[in-house]
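What follows is a short report on a single structure.
The values are calculated or read from the model by the stated rules, or taken from the named source; none is laboratory data. Note that the structure is a prediction, hence the values are computed from the model and not measured. Because the Cβ atoms are built from the backbone with ideal geometry, glycine has one as well, and the counts that use them run over all protein chains shown.
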Amino acid sequence: MRASFRTFIITGFLSIALGAAQAADKPVLRSEVGKPLQEAQTALQGKDYKTALGKIDEAGRIDSLTPYEAYIVERMRAIAATGAGDMSLALKSYEAALASDQMPEGDKLQAFDAAAKLAYAEKNYGKAADYIGKYRNAGGDSAQTLSLLPQALYLSNDLASAQKELSALIAKTEKAGQTPTDVQLQLLASCASKQGDNAGYLVSLQKLVRYYPKESYWKDLILRTAGKPGFSEQLTLDMYRLMKATGTLDKANDYMEAAQYALKAGFPGEADQYVQLGYAQNLLGQGPDADRHQRLKVMVAQKIKEDRKLLAEGEKAAAAQAAGDALVATGLNYVGYGQYDKGIALMQQGIAKGGLKKPDEAKLHLGYAQMLAGRAADAKGSLKLITGENSVADIAQLWTLVKQPGEPATYRAAGQRDMSSP
């Protein structure tokens, strides 16, 4: 039990324990009861809690205590036991005092607060949650006390109630323009996970990466999003793009697969980004698969050489087509080479032309390109145009959570080369 809490209880209640006994509208303590309690009060003021407990017990053993005398004895015992560090006895005494019809209504709020914290310290989390609830219902508004409620519910295994309380607390915090704590968000995620609430867990992860964008949170969020039922394999490259932007590519096979998917999609410049980054991270070119890594590196370099010869011609052919798909793809290819302005302009032309087979994917890729170009506001505008509940919308939502560096060079610092010129 923290010293500050013990001080709170002792100072908060010592002033009213015997004071209540002396109030004009209250019964009077008999002298044989009042004398040892007065001595106990003197001991409490001197922080001699052992002596105080002895004197309080002496008063408590007097025959035929009136209800009011018994109440005052319990109030003082709670204070002395707290000072002595006997939290179990302190909690028992507070409960006895609260159960008495002698406790003034005005004292109950503070008593609920004390009982709640004592129960929490004693790891009686169910009882702590109950008293915090009573404290809140009585008008208590201490943020310190109320913040214990979700934790107490969680630790008492009332996960549904803990999740409900946490969600309300976090929403209130956000509405006030403040940031929820990492602990609160982790607890919310744990509540959802233990209940098998996958949707709730994803929402918790989204909040974690929004406020505390750790790589571990991002990786969990990306992999779980990709693992949702019905997720299209055609969007695998988009997941690798997110992993690259969030620094969560951490295996040689990730870099290999990302490069291969980029090659398959017709973006050798982007494929080279994964290869170069994998080598820079000393994940490629090492170990028993080093020869395979080298073959991929050579293949990507060859594809780039071939692709560059056809870029201008491909751009003209794409512009001549009735639908805008080819322009979007050509623009995205330029983005892979680091030519953001040119690539984005072509993608926008393609989307404006219309006739797209997958318009939402085109918007997603435009938003991705704008992110890489450091045009966060434009990117979020493009991504917001994607509606509905599907894999593309899920990825778009994740991109809106990515912290923007403000300059494309920040992305390149992780291994991406500026390939705007041959």
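Please verify whether A226 is of a type in the set (A, V, I, L, M), modelled with pLDDT under 95 and surrounded by 14 or more Cβ atoms within 10 Å (Cβ to Cβ), treating the condition exactly as stated.
Spelling it out, A226 is indeed of a type in the set (A, V, I, L, M), modelled with pLDDT under 95 and surrounded by 14 or more Cβ atoms within 10 Å (Cβ to Cβ).
Which of (1) within 24 Å of K403 (Cβ to Cβ); (2) surrounded by fewer than 20 Cβ atoms within 10 Å (Cβ to Cβ); (3) among the β-branched types (V, I, T) is the odd one out, the single condition V298 does not satisfy?
(1)
If I ask for residues that are more than 17 Å from Y201 (Cβ to Cβ) and of a type in the set (D, E, K, R), which ones from segment 134-164 would you list?
Pass one, segment 134-164, residues more than 17 Å from Y201 (Cβ to Cβ): 134-149, 151-153, 155-158, 161.
Matches in segment 134-164: K134, R136, D141, D158.
Please determine, by comparing only the residues of segment 234-263 that are among the aliphatic types (A, V, I, L, M) and either without any contact (Cβ under 8 Å) to a residue 60 or more places away in the chain or in contact with a Lys or Arg (Cβ under 7 Å, 6 or more places away or on another chain) (or both), which one is nearest to L221 (Cα to Cα).
Going residue by residue through segment 234-263, those that are among the aliphatic types (A, V, I, L, M) are 235, 237, 239, 242-243, 245, 249, 252, 256, 258-259, 262-263.
Add one more test, that the residue is either without any contact (Cβ under 8 Å) to a residue 60 or more places away in the chain or in contact with a Lys or Arg (Cβ under 7 Å, 6 or more places away or on another chain) (or both), and what stays is 237, 243, 249, 252, 256, 258-259, 263.
On the way: L237: 16, M243: 10, L249: 13, A252: 20, M256: 21, A258: 18, A259: 22, L263: 26 Å.
Taking the candidates together, the pick is M243.
Can you pull out every residue in segment 97-119 that is charged (D, E, K, R) and closer than 11 Å to S142 by Cβ? Spell out the reasoning first.
Keep residues of segment 97-119 that are charged (D, E, K, R), which gives 101, 105, 107-108, 113, 117.
Passing the criteria: D113, K117.
Could you say whether any residue in segment 241-260 is aromatic (F, W, Y) and within 25 Å of D360 (Cβ to Cβ)?
Kept after step one, since they are aromatic (F, W, Y), are these residues of segment 241-260: 255.
From what is left, the residues that are within 25 Å of D360 (Cβ to Cβ) are none.
No: zero hits.
Taking helices (runs of 4 or more DSSP H) that do not extend beyond segment 23-138, which have at least 1 residues that are within 32 Å of the chain's Cα centre (by Cα)? Break it down into steps so the answer makes sense when it comes.
Details: elements: 31-45, 49-60, 67-84, 87-99, 105-121, 125-137.
The helices (runs of 4 or more DSSP H) meeting that bar are 105-121, 125-137.
Any chance you could count how many residues in segment 264-296 are free of Cβ contacts under 8 Å to residues at least 40 places away in the same chain and among the acidic types (D, E)?
2
Which residue out of L296, L332 is touching a Phe, Trp or Tyr at 6+ places or on another chain (Cβ under 8 Å) and in a helix (DSSP H, G or I)?
Details: L296 fails: touching a Phe, Trp or Tyr at 6+ places or on another chain (Cβ under 8 Å).
On inspection, the qualifying residue turns out to be L332.
Over 25 Å from Q186 (Cα atoms) and buried (at least 18 other Cβ atoms within 10 Å of the Cβ): does that describe Y131?
Values: over 25 Å from Q186 (Cα atoms): no; buried (at least 18 other Cβ atoms within 10 Å of the Cβ): yes.
Judged against the criteria, Y131 is not a match.
Name the single residue, out of those in segment 182-236 being part of a helix (DSSP H, G or I), closer than 16 Å to D394 by Cβ and basic (K, R), that is nearest to the chain's Cα centre (by Cα).
K207
Any residue in segment 246-260 that is at positive phi and not assigned by TED's automatic domain parsing to the domain that holds A393?
If we filter segment 246-260 for residues that are at positive phi, which is where we start, we get 247.
Subset that is not assigned by TED's automatic domain parsing to the domain that holds A393: none.
No, every residue in segment 246-260 fails to be at positive phi and not assigned by TED's automatic domain parsing to the domain that holds A393.
Which residue out of D101, D63, D86, D107 is closer than 30 Å to N157 by Cβ and either free of Cβ contacts under 8 Å to residues at least 12 places away in the same chain or out of contact with any His (no Cβ under 6 Å at 6 or more places or on another chain) (or both)?
D86
Which is buried (at least 21 other Cβ atoms within 10 Å of the Cβ), in contact with a Lys or Arg (Cβ under 8 Å, 6 or more places away or on another chain) and on the phi < 0 side of the Ramachandran plot, of L166, L185, L202? Write out each step before concluding.
Details: L166 fails: in contact with a Lys or Arg (Cβ under 8 Å, 6 or more places away or on another chain); L202 fails: buried (at least 21 other Cβ atoms within 10 Å of the Cβ).
Unique residue meeting the criteria: L185.
Quick one: which of G338, G355 is closer than 26 Å to K403 by Cβ and in a loop (DSSP other than H, G, I, E, B)?
Working: G355 fails: closer than 26 Å to K403 by Cβ.
Unique residue meeting the criteria: G338.
So, S142, is that one of a type in the set (G, A, S), within 23 Å of Y94 (Cα to Cα), touching a helix residue (DSSP H, G or I) at 6+ places or on another chain (Cβ under 8 Å) and surrounded by fewer than 18 Cβ atoms within 10 Å (Cβ to Cβ) or not?
Values: of a type in the set (G, A, S): yes; within 23 Å of Y94 (Cα to Cα): yes; touching a helix residue (DSSP H, G or I) at 6+ places or on another chain (Cβ under 8 Å): yes; surrounded by fewer than 18 Cβ atoms within 10 Å (Cβ to Cβ): yes.
Yes.
Among the numbered criteria (1) buried (at least 18 other Cβ atoms within 10 Å of the Cβ); (2) assigned by TED's automatic domain parsing to the domain that holds R77, which single criterion is violated by N124?
(2)
If L310 satisfies every condition in (1) in a helix (DSSP H, G or I); (2) at pLDDT 95 or above; (3) surrounded by fewer than 16 Cβ atoms within 10 Å (Cβ to Cβ) but one, which is the exception?
(2)
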